[in-house]
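The values are calculated or read from the model by the stated rules, or taken from the named source; none is laboratory data. Just so we're clear, the structure is a prediction, and the values are computed from it rather than from any experiment. Counting neighbours? That spans all protein chains shown, and the Cβs are built from the backbone with ideal geometry, glycine included. In case anyone asks, the SASA skips ligands and DNA or RNA and just uses the protein heavy atoms, side chains included. Shrake-Rupley method; radii C 1.70, N 1.55, O 1.52, S 1.80 Å.
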Amino acid sequence: EPEVTQTPSHQVTQMGQEVILRCVPISNHLYFYWYRQILGQKVEFLVSFYNNEISEKSEIFDDQFSVERPDGSNFTLKIRSTKLEDSAMYFCASSAQTGATGELFFGEGSRLTVL
Amino acid sequence: SQQGEEDPQALSIQEGENATMNCSYKTSINNLQWYRQNSGRGLVHLILIRSNEREKHSGRLRVTLDTSKKSSSLLITASRAADTASYFCATDSGQGAQKLVFGQGTRLTINP
């Protein structure tokens, strides 16, 4: 069964460093998303991506964050100058239809720990 | 503003009993979805109900939607220990938005 894969599963970084989280969405999906979940809290929307551009982003997704789909398979989230409060689980998701009409398929997440 | 909000925040029942979780939301929606998350894992889609539907079944799951009250419920019948997880409702925010907005979740514990 096709699945969304994310790497790394866990990354530890020093405050101020840059991290790149990688995702391989399901191959025939068109919509891509990043969500994050701080430990014990709700799943928060960060950004959606369609047709090679950002379609929506939340207030959390400021200039510190960027996304890219550098080739036909990978979808990356870059976090520049990490802060302690960036520590969270980051989930990538993809869907064949917009989230307004279809289900999202999530990866297992990348746990980011900022020290 | 918050969209989906689940109630209760935590629920603990005995195996074999039914579990009911509720979700309320604020804006008009195109659909409402329920997801499950095992501890430390990704979210798994359970069921989607469209705004023109009132009830939907999938195996031991039953979802209702009341758009006049802006609320939904998820019923898990004949619960099993393996149903222990967090359950989230998620809604689009209408207006052509693509994203899903998740609620706080209900942490369900099934005691053997």
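What the table below lists for this structure:
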read-out: Estimated dipole of the protein assembly as shown in Debye, rounded to 20 [Cβ of Lys and Arg +1, of Asp and Glu -1, Cα centre]; value: 280
read-out: Cα centroid separation, segment B:1-60 to segment A:4-44 (Å); value: 23
read-out: Computed over chain A: relative contact order in percent, which uses C-alpha pairs under 8 Å that are six or more apart; value: 39
read-out: Cα-Cα P(r), the protein assembly as shown, percent of pairs per 10 Å interval; value: 8, 33, 35, 19, 4, 0
read-out: Candidates A:Y33, A:Y50, A:Y90, ranked by Gaussian network fluctuation over chain A, Cα under 10 Å, top entry; value: A:Y50
read-out: Most to least accessible of B:S93, B:S68, A:S81 (protein chains only, probe 1.4 Å); value: B:S68, A:S81, B:S93
read-out: Accessible area of B:S51 in the full protein assembly, 1.4 Å probe (Å², nearest 10); value: 40
read-out: Linear extension gain, A:S73 paired with A:Q14, 0.36 nm per residue minus alpha-carbon span; value: 18.4 nm
read-out: Interface burial for B against A (accessible surface, 1.4 Å probe, total of both chains, Å², rounded to 100); value: 1900
read-out: Positive-end residue, the protein assembly as shown charge dipole about Cα centroid, Cβ charges, pick of B:M21, A:S87, B:V44; value: B:M21
read-out: For segment A:15-115, alpha-carbon Rg relative to the globular expectation (2.2 N^0.38 Å, N residues); value: 1.02
read-out: Accessible carbon and sulfur surface of segment A:1-46 relative to its total accessible area, %, 1.4 Å; value: 48
